[in-house]
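**Q** Okay, here's the structure, questions in a sec.
The values are calculated or read from the model by the stated rules, or taken from the named source; none is laboratory data. Model, not experiment: these values are computed from the prediction. Cβ: placed from backbone, ideal geometry, glycine included. Neighbour counts: every protein chain shown. Only protein heavy atoms, including side chains, enter the accessible area calculation; ligands, DNA and RNA are left aside. Shrake-Rupley method; radii C 1.70, N 1.55, O 1.52, S 1.80 Å.
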Amino acid sequence: MGQKEKKFRLQDFGIWFLVLLCTLVLITLCFDEGLDYDEAYSWHTTYRNSFAGVWQAILDDHDTDIPLWYWCLKVWVAIFGESWFVYKLFSVMGTLATMILGATAVRRIWGNKTAVLFIISVSLSPALLHNSVNVRMYSWTVFLITACGVLVYWMSDRTRKLWMWILLGFLTVVGLFCHYFTAFCYLFLYLFLLIRVFLQNKKESCKVIACGVIALIPFLIWLIIFDFFHLVGGGAAPGVSKTELKEIFQYLFETEVEYSVLLGTGVFAVAIAGVVLLGKKFEKWEKYFVLMSLVMTPLIFGVMGYVSSVSYHFFTPRHVLHSAGLMWLGIAIVLSRINVMSYLCGLLFVGSMGASAYEKSYHVEYETTPYMAETKALIAERMEPGDIIIFNAETSFGLVYDYYLREQQLVHVSQVNLEELAGKPVWFLDATGKHLSEEQLKGWELAYEQIDGIYGFRQSDNNTFFQVYKLDIKEPKE
């Protein structure tokens, strides 16, 4: 074996060891059962519904979700078993897919240095680390958009390969059917591909349009079935605050380290300046691709801000996360080209940011659930299937409670009818101090037996810690 081949094998081992190491780091955050509201929605939609039921539930909720990701999650759980670890592992697999993309396609096109920085960034940077273990579709949409972006760059001068067009169409359809707002990412990618192909070979540009239209047709059919278009033109949803641009960078870069947002924004700016000032180190279309990858996130913010202002929909910083993989790819390409010192500083920054983000996520996953063990023990030892559970947290948090109390019947305090509950085993979870109204109590007496201790699931907006009471419902004596 020659010296060159040994060096390549060593580099190959190092890249794949890094992928494995980052995956194991993420898996260490998957062993707790502290759900947030969005995760509870994912579980409820998947667990409580058949495949047809998922479709109907998404239609009824009129949110920015589409059934495909829930169907895939349902299949995953059917194969590997019903446990919260399995649910979280599905999100980790999305990030693992992105890292594998870095170890293969990104490494082949842009080299080892870019691949290393990219792999660390897409797995351990703050927002991406959190969503790698959060049971939502974002780790998978990051993979789909990043894979599509790399494919678009790679195939720009290889337009006669049919399999590339088929793969591009597949990635587009799957991404669109995981989340609406991936559409804005695809818009930029297809425009880049169309312009490049048009300038090289006008006849080939029709393939870009055809691929985009074919991929868009099923999505448009869904929007018609969903009745999405009646939301447009109705004005912004009342009570929903607008997201400011600084919130995007806070979401992407903020850690427990002071000034991390400023540093992250600085790295972003340096990357843009680097590709502009050092244009000779990039091929012509490579330079444009990197610039597009970098500016896509703030541009999508602007587009979605406008859509949010004229439609009965809103967006949050998380909705621009789909393009974050490409953003980090652009940063990794530029820092790998400037000089060795810039690259090492980039590695140091991403590594320290990842360590702080991990510490923050570890706290969220394991330290905001101090009463989880006692609460699960109480449910297992004292509550029976079919027991009535009255709760006074926000109505929406019934989804969180439903995960832990899946065999009981949950009733919000505002919906209680004591006549229907008389003679049944009834429990009361008091999270807010709000009790039954005089109108609800009319004609009835309640005896409260307080269960010693404080109970709760994950700490969230004062909705999950509660006192537990056993209720005895009686008609008042004459």
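**Q** Given a 1.4 angstrom probe, what's the average accessible area per residue across the chain, in square angstrom?
**A** Counting only protein heavy atoms, the per-residue value for the chain is 46 Å².
**Q** Now for a different question. With axes computed from alpha carbons, what is the tilt in degrees of helix 3-27 against the longest principal axis of the chain, rounded to the nearest 10 within 0 to 90?
**A** The answer is roughly 20 degrees.
**Q** Using protein chains only and a probe of 1.4 angstrom, how many square angstrom of E475 are accessible, to the nearest 10?
**A** 130 Å²
**Q** Turning to a different aspect of this structure: Sorting check: for 94-105, 71-82, 440-451, which peptide has the highest mean count of neighbouring beta carbons within 10 Å, and how do the rest follow? Walk me through the intermediate numbers first.
**A** Working: 94-105: 21.7, 71-82: 14.2, 440-451: 12.5.
My ranking of the peptides, most packed first, is 94-105, 71-82, 440-451.
**Q** Heavy atoms only, probe 1.4 angstrom, no DNA, RNA or ligands counted: give me Y180, Y469, Y306 ranked by accessible area, highest first.
**A** Numbers: Y180 15, Y469 40, Y306 150 Å².
So, going from the largest accessible area down, we get Y306, Y469, Y180.
**Q** Further question on the same structure: Mind listing the long-range amide H neighbours of L410? Cut-off is under 5 Å, sequence gap 5 or more, other chains count too, H placed in the peptide plane at 1.01 Å from N.
**A** I389
**Q** If you don't mind, there's one more thing I want to ask. Work out from phi, with θ = phi - 60° and the Karplus expression 6.51 cos²θ - 1.76 cosθ + 1.60, the ³J(HN,Hα) of each residue of the range 270-280, listed in order in whole Hz, and give x for Gly and Pro.
**A** 4, 4, 5, 4, x, 6, 6, 7, 10, x, 5
**Q** For helix 340-362, what angle does its Cα long axis make with the longest principal axis of the chain, in degrees from 0 to 90 and rounded to 10?
**A** Helix 340-362 sits at roughly 10 degrees to that axis.
**Q** Treating cross-link reach as a plain straight distance, find the lysines whose alpha-carbon is under 30 Å from the alpha-carbon of K360, omitting any fewer than eight places away in the same chain.
**A** Filter leaves K74, K88, K113, K242, K246, K376.
**Q** Sticking with this one: In whole percent, and with a 1.4 Å probe on the protein chains, what portion of the accessible area of the range 37-132 is carbon and sulfur?
**A** Solvent-exposed carbon and sulfur of the range 37-132 make up 64 percent of the total.
**Q** Compare the peptides 115-122, 428-435, 192-199 by average per-residue count of other Cβ atoms within 10 angstrom and give them in order, highest first.
**A** Values: 115-122: 26.4, 428-435: 17.0, 192-199: 18.6.
So the peptides 115-122, 428-435, 192-199, ranked by packing, come out 115-122, 192-199, 428-435.
**Q** Hey, what number do you get for the chain at 222 nm if only DSSP H runs of n ≥ 4 count, each worth -39500 (n - 2.57), divided across all residues, to the nearest 500?
**A** The helix-only estimate for the chain comes to -20000 deg cm²/dmol at 222 nm.
**Q** Quick check: at a probe of 1.4 Å, how many percent of the accessible area of the range 269-360 sits on carbon and sulfur atoms?
**A** Taking all protein chains in place, the range 269-360 shows 72 percent carbon and sulfur surface.
**Q** Still on this structure: Here are labelled values, (1) 137; (2) 240; (3) 178, and one is the computed volume of the Cα convex hull per residue in Å³ for what I pasted. Which one?
**A** (3)
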